[in-house]
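The values are calculated or read from the model by the stated rules, or taken from the named source; none is laboratory data. The structure displayed is predicted, hence computed values, not measured ones. Methodologically, a virtual Cβ is constructed for each residue, glycine included, from the backbone with ideal geometry; neighbour enumeration extends over all protein chains shown. Areas reflect the complete protein model, heavy atoms only, side chains present, ligands, DNA and RNA absent. Shrake-Rupley method; radii C 1.70, N 1.55, O 1.52, S 1.80 Å.
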Amino acid sequence: MQRYFIEQDQFDGQTAIIHGDDARHITKVMRGKTGDKLIVSDGVSREAMVQITHIEASQVQAEVVEWLPMDHEPRVSVSIAQSLPKGDKMELVIQKCTEIGAVGFIPFLSERTIVQYDAKKEGKRLERWRKIAKEAAEQSHRNRIPAVYESRSWKELLASFDSYDLVCYCYEKEDGLQLRDVIKPLAAGLSADESASVLVVVGPEGGFTTGEVQAAETAGARSVGLGKRILRAETAGMVALTCILYETDEMGGM
């Protein structure tokens with residue numbers, strides 16, 4: 001069943017109003033008609049199966065048939081901090097990690113970042129990234145749309161580490177501690193109704209510099225490896241996220 005995210009004020013009691021691009025998608029792409037059922041969510045606290053009662057080119061009105069539980073989100077909230085990769089690879093990271101279960105994305109600039117940051121293009125790029133996150137969240141039946149933040153400097157990223165329960169950075173030269181070694185103790189310490197926040201930091205194509213590694217450690221991050229193989233920058237976050245969710249029993253782990 002097709003899912004759409006709407007703003008909180010588009011829920012009016014037992015009625016949901018869908019407009020803009022989503023309404024056009026229903027009418028033009030899905031060929032929606034009166035009586036069709038959809039799932040709508042405000043991405044915060046309400047989600048429902050609704051039935052279309054009135055349809056126009058730019059607006060669709062529907063009545064709530066059944067309120068649904070918002071239980072598709074992992075209790076361990078994993079955010080991905082990704083040094084800006086080349087080309088459209090950031091779009092791939094956002095799309096796939098949203099499907100897997102990431103709750104947020106923080107693009108950042110590091111010493112070996114190849115991409116030339118252009119502040120004039122930031123607005124349009126951020127808008128596209130957020131649209132990709134929304135569409136991927138709808139496709140994968142997420143209850144919430146992951147946050148996509150504006151690009152940060154390395155220093156700004158370091159300053160945010162204190163707001164997470166665990167920060168780990170993927171380091172290709174790490175030959176001791178593996179990701180599982182830091183995730184298992186975190187998972188074991190959580191009761192059934194507790195949650196935790198984790199930040200996974202992924203470097204650029206050329207990896208982190210020695211100075212960046214030292215700065216990350218000083219800021220409280222843990223260096224972790226992801227096995228014996230060297231992963232591409234756009235792959236590491238997906239692998240780390242999947243491993244974390246597995247080890248915290250979100251994918252049949254433990």
- Kindly provide the set of residues from the range 64-94 that are in a helix (DSSP H, G or I) and surrounded by fewer than 19 Cβ atoms within 10 Å (Cβ to Cβ), ordered by number. K89, E91, L92
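For (1) on the phi > 0 side of the Ramachandran plot; (2) of a type outside the set (A, V, I, L, M); (3) at pLDDT 90 or above; (4) open to solvent by 50 Å² or more (accessible area, probe 1.4 Å), each residue gets a yes or a no:
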| position | (1), (2), (3), (4) |
| --- | --- |
| A215 | no, no, yes, no |
| R222 | no, yes, yes, yes |
| A236 | no, no, yes, no |
| V239 | no, no, yes, no |
| E250 | no, yes, no, yes |
- For R144, indicate whether it is outside any helix (DSSP H, G or I), surrounded by 16 or more Cβ atoms within 10 Å (Cβ to Cβ) and not aromatic (F, W, Y). yes
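If I ask for residues that are open to solvent by 90 Å² or more (accessible area, probe 1.4 Å), in contact (Cβ under 8 Å) with a residue 40 or more places away in the chain and not polar (S, T, N, Q), which ones from the range 1-14 would you list? Walk me through how you get there before you give the answer.
Of the range 1-14, the ones open to solvent by 90 Å² or more (accessible area, probe 1.4 Å) are 1, 7-9, 12, 14.
With the extra rule that they be in contact (Cβ under 8 Å) with a residue 40 or more places away in the chain, the set shrinks to 1, 14.
Matches in the range 1-14: M1 only.
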- Among I52, I26, I17, the single one that is crowded, with 18+ Cβ neighbours inside 10 Å and in contact with a helix residue (DSSP H, G or I) (Cβ under 9 Å, 6 or more places away or on another chain) is I52
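Looking at Q95, Q59, which is the one that is touching a residue at least 24 places away in the same chain (Cβ under 8 Å), closer than 30 Å to G13 by Cα and not hydrophobic (A, V, I, L, M, F, W, C)? Let's see the steps before the verdict.
Values: Q95 fails: closer than 30 Å to G13 by Cα.
Just one listed residue meets the conditions, Q59.
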